[in-house]
Amino acid sequence: DLLIAADGPRSIFREQVAPEAGAMRYAGYFGWRGIVPLQSLPASTVAALRMSYPDFGNCLYFIRSADSHASAVLYDIGDDLVNWLVYENRTEPLAPPGRTIAAASAADVSCLQSTARKIWGEALGGIIQATSEPFCNDIYDLQDPLWTLYKDSIVLLGDAAHAITPHMAKGSNLALHDALTLASAASGAESLQAMLKEYNAARVQEVARCILVARQLGQLRQGLSPSSKTLPADGSAFEAALRSRGLPLRTLPIGDLFEPVWEFAEARLPHAERGFYLQVDESSPRRGSKRKSAWAESEPPSKLRSIDGADVLQITGVNHISFETDHVDRLRKFYAEVLGFPVLARPDFEFGGAWLQIQPGLALHIIERDPNKPSHPSSRHPAGAALTASERPPERFIRRSHHIALTVPDIDATRSALDGRCARYAVNRVPGTSIVQLFLYDPDGNGVELGNFDCNA
């Protein structure tokens, strides 16, 4: 009756549940990884470990390199096994397509170990040098968090539902939360679909927030964040950086099922010691898991609404309106000769079209229809009915479809705001300019383009 797809980050079932989920996103860095028995380390390295990391065995240590372009994690995984990771920026993944783990060459291992003490100090450097076979792990997450975790009789669980970068150290916990929530929904639901709806409503927002917060953590630690090239000086600055990206701080699960967690925190943890993961925002109350989710069952979340007090997107004006056509010249002649719109210069795109001026600052773009754009039989799309999320062509096809284009003052801030709202979008650059275009759908399937059209003014 039900297939629980828990087949990992490269799930073969994810596309069946969310056809527009897209590919995995390479994060822009990889991790050196290694495990070494504590008893095999030289005495001097163990002494340095105890001195530099006195709580080793009781916590995870997150370590930053001096050049702000590498970070490390060090912790005990039990049985006196020391686990370490060193993240290094790299524009391309090391492993072949479809793989995540790569064997390291002898030359690369030699370079890593010969510089380990200089970069990471006597303790971690000594541990790295004592590791016999370090290997490489490319870092990926989902390009776009999913807005539904099930379809028909398939439900996603664990990394199949929310492949995440490791910087929150809770990938396994998310999977456990999934399993507990699904089991709880199964115990009281009247039907399979009711069970899946309850599971989806309880999990989809939490896991989306976690994916995006973990992504921001990785960007900050690797010096890759577009909003901050330096590590925040303190907790308040870090929280401000997250809020600037439109990311709610609360990332622990909510709802009646997890109420004991919150009761324990309130009873045993002073407020000052809770950290931002235990903060609760008014917009996302911890109780009431049976409330209707802000994310609909079959549609993406509202793209431009304010979340957690973050400002809405800054829109400074309408730049152009676009019509797609199989007859560019016929349409151009109508608007130029009948309506008198002046013809404008147009960049050298790889497809046909024409630009005309409606009024100063507002243009009409006529675009040659894309022959590769998926079509939909009329039987699946009755006249006047909006396409559902699963029926729409991927966002990249909006570029050559009917859409309205809006001007934004800061394209990086706009991308950050869309990421914070879990909005799906495609990216394009206008040839010969600094203009970046972002394409997304509104809930009814209308195409919207956001671009920094004034950047060349």
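Go through Arg392, Arg400 and list them by solvent-accessible area, largest first, probe radius 1.4 Å.
Reading off the accessible areas and sorting them downward yields Arg400, Arg392.
Quote the accessible area belonging to Phe341 in square angstrom, nearest 10, computed with a 1.4 Å probe and with ligands, DNA and RNA left uncounted.
40 Å²
Taking the Cα of Asp79, stepping 7 Å toward and past its beta carbon, and measuring to each backbone N in the stretch 5-45: which are under 15 Å?
Those under the cut-off are 35-40.
At a Förster radius of 51 Å, what calculated FRET efficiency corresponds to the Cβ-Cβ distance of Ser110 and Glu259, to the nearest 0.05?
0.45
Could you check the spin-label model distance between His69 and Val318? Points 7 Å from the Cα along Cα→Cβ, value in nm.
Label-label distance for His69 and Val318, simple model: 4.6 nm.
Between Ala267 and Ala426, what is the label-to-label distance in nm when each label sits 7 Å out along the Cα-to-Cβ direction?
In this crude label model, Ala267 to Ala426 measures out at 5.4 nm.
State to the nearest 20 debye the size of the charge dipole of the stretch 131-229 about its Cα centre, where the only charges are +1 on K and R beta carbons and -1 on D and E beta carbons.
Dipole about the Cα centre, nearest 20: 380 debye.
Sorted from largest to smallest, which semi-axis lengths in Å does the alpha carbon gyration tensor of the stretch 173-223 give for its equivalent ellipsoid, taking the root of 5 times each eigenvalue?
Working through the eigenvalues yields semi-axes of 31, 10, 5 Å.
Of Leu180, His167, Ala104, which is farthest on the positive side of the dipole of the stretch 90-206, counting Cα position, with +1 on Lys and Arg Cβ, -1 on Asp and Glu Cβ, and the Cα centre as origin?
The one lying farthest along the dipole's positive direction is Ala104.
Given R₀ = 60 Å, what would the calculated FRET efficiency be for Phe135 paired with Asp329, taking r from the Cβ atoms and rounding to 0.05?
FRET efficiency, Phe135 to Asp329: 0.55.
Rounded to the nearest 0.05, what FRET efficiency do Ala183 and Ala336 have when you use their Cβ-Cβ distance and R0 = 56 Å?
0.30
Under 14 Å from the Cβ of Asp159, count the other residues' Cβ atoms, weight Lys and Arg +1, Asp and Glu -1, and hand me the total.
Charge balance in the 14 Å sphere: +2.
At 1.4 Å probe radius, can you tell me the per residue accessible area of the stretch 50-94 in Å²?
57 Å²
By how many nm would the segment from Ser172 to Glu92 lengthen if fully extended, with 0.36 nm per residue of separation less the alpha-carbon distance?
26.2 nm
The values are calculated or read from the model by the stated rules, or taken from the named source; none is laboratory data. Remember, it's a predicted structure, so these values are computed and weren't measured experimentally. Cβ sites come from the backbone with ideal geometry, for glycine too, and all protein chains shown count toward neighbours. These accessible areas exclude ligands, DNA and RNA; they are computed on the full protein's heavy atoms, side chains included. Shrake-Rupley method; radii C 1.70, N 1.55, O 1.52, S 1.80 Å.
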